[in-house]
Amino acid sequence: MGSEPLDSSLVANPDIKAVLWDFGGVLTTSPFDSFRAYEAENGLPEGAIRQLNATNPDHNAWARFERGEVTVEEFAKLFEREASDAGHTLDATALLSTLSGELRPGMVEALRRCHARLKTGLLTNNFSAGEDNLSVQEAGRVTAGYAPVMDLFDAVVQSSIAGCRKPDPRFYRIALDLLGIEPEHAVFLDDLGVNLKPARQMGMITIKVVDPDLAIQELEEVVGFPLS
């Protein structure tokens, strides 16, 4: 850290004690990119998969899978049935296999610098593959070289293990308790506004990640030290 150029316009924010991160769509490319690619390759209307996930969002197959309530096989049957009811045909297992995104180097560097000075937490809605609670996405991340990134978190909260998922406020509370902080001392990054809303209502500073570079700049202003 001592080799970083000093930015006289930045002053470390003593109120911020932790940075909380989503994974897909923040530290990696968005799973929605995978959805669009699958739709294009399989003749589905653009946005069809997101629409399925937005229908009955607390109790549909995707939500139940992320809470660890159903197995991969059960999810596949349920999700394919939901797709069929909406007039679509898809292979749920094949869709899951496409979801591991590419790491965003700038975001990973920002995470590394935050980890050197602050507490860091990962809040991820994920899927359990059944064996040792290893999720489909986490398995992909490890094989894709994601393991070093996971080491940069002081706390990891996975929906498939916690039994609840974003945007349930209980999910954020688990992360805060693991890190030993209150909401007003945290900043949270996610690519979905629906996941940011409860965090903001709890008292966290929130950053919506649309353009990763702009999000890093915003985070830099919040924490008060260089992130790139």
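The values are calculated or read from the model by the stated rules, or taken from the named source; none is laboratory data. These numbers were taken from a predicted model, which means no experiment stands behind them. Every residue, glycine as well, gets a Cβ built from its backbone with ideal geometry; the counts of neighbours run over all protein chains shown. Note: accessible area is taken over every heavy atom of the protein model, side chains too, but ligands, DNA and RNA are not part of it. Shrake-Rupley method; radii C 1.70, N 1.55, O 1.52, S 1.80 Å.
Entry remark, the range 38-91: residues being open to solvent by less than 40 Å² (accessible area, probe 1.4 Å), touching a strand residue (DSSP E or B) at 6+ places or on another chain (Cβ under 9 Å) and among the polar types (S, T, N, Q) number 0 in total. Just to be sure before I move on: is residue 83 touching a residue at least 12 places away in the same chain (Cβ under 8 Å), more than 28 Å from residue 148 (Cβ to Cβ) and either of a type in the set (Gly, Ala, Ser) or in a loop (DSSP other than H, G, I, E, B) (or both) in the structure I sent? Yes.
Residue-wise test of (1) farther than 14 Å from residue 27 by Cα; (2) in a helix (DSSP H, G or I); (3) modelled with pLDDT of 95 or more.
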residue: 120; (1), (2), (3): no, no, yes
residue: 153; (1), (2), (3): no, no, yes
residue: 160; (1), (2), (3): yes, yes, no
residue: 174; (1), (2), (3): yes, yes, yes
residue: 198; (1), (2), (3): yes, yes, yes
residue: 210; (1), (2), (3): no, no, yes
residue: 217; (1), (2), (3): yes, yes, yes
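Pairs meeting the criteria (first residue in the range 211-228 and closer than 12 Å to residue 111 by Cβ, second residue open to solvent by 80 Å² or more (accessible area, probe 1.4 Å), beta carbons under 7 Å, at least 6 apart or on different chains) are 216/228. Kindly indicate whether any position in the range 176-192 is assigned to a helix (DSSP H, G or I), at pLDDT 95 or above and either among the aromatic types (Phe, Trp, Tyr) or under 24 Å from residue 31 (Cβ atoms) (or both). No; the residues of the range 176-192 include none that is assigned to a helix (DSSP H, G or I), at pLDDT 95 or above and either among the aromatic types (Phe, Trp, Tyr) or under 24 Å from residue 31 (Cβ atoms) (or both).
If we scan the range 48-66, do we find a residue that is in contact with a helix residue (DSSP H, G or I) (Cβ under 9 Å, 6 or more places away or on another chain) and farther than 20 Å from residue 165 by Cβ? There is at least one residue in the range 48-66 that is in contact with a helix residue (DSSP H, G or I) (Cβ under 9 Å, 6 or more places away or on another chain) and farther than 20 Å from residue 165 by Cβ. If you go through the range 12-26 and keep only what is in a loop (DSSP other than H, G, I, E, B) and hydrophobic (A, V, I, L, M, F, W, C), you end up with 12, 16, 23, 26.
The set of residues in the range 68-119 that are farther than 30 Å from residue 17 by Cβ and of a type in the set (A, V, I, L, M) comprises 70, 72, 76, 78, 83, 86, 90, 92, 94, 95, 96, 99.
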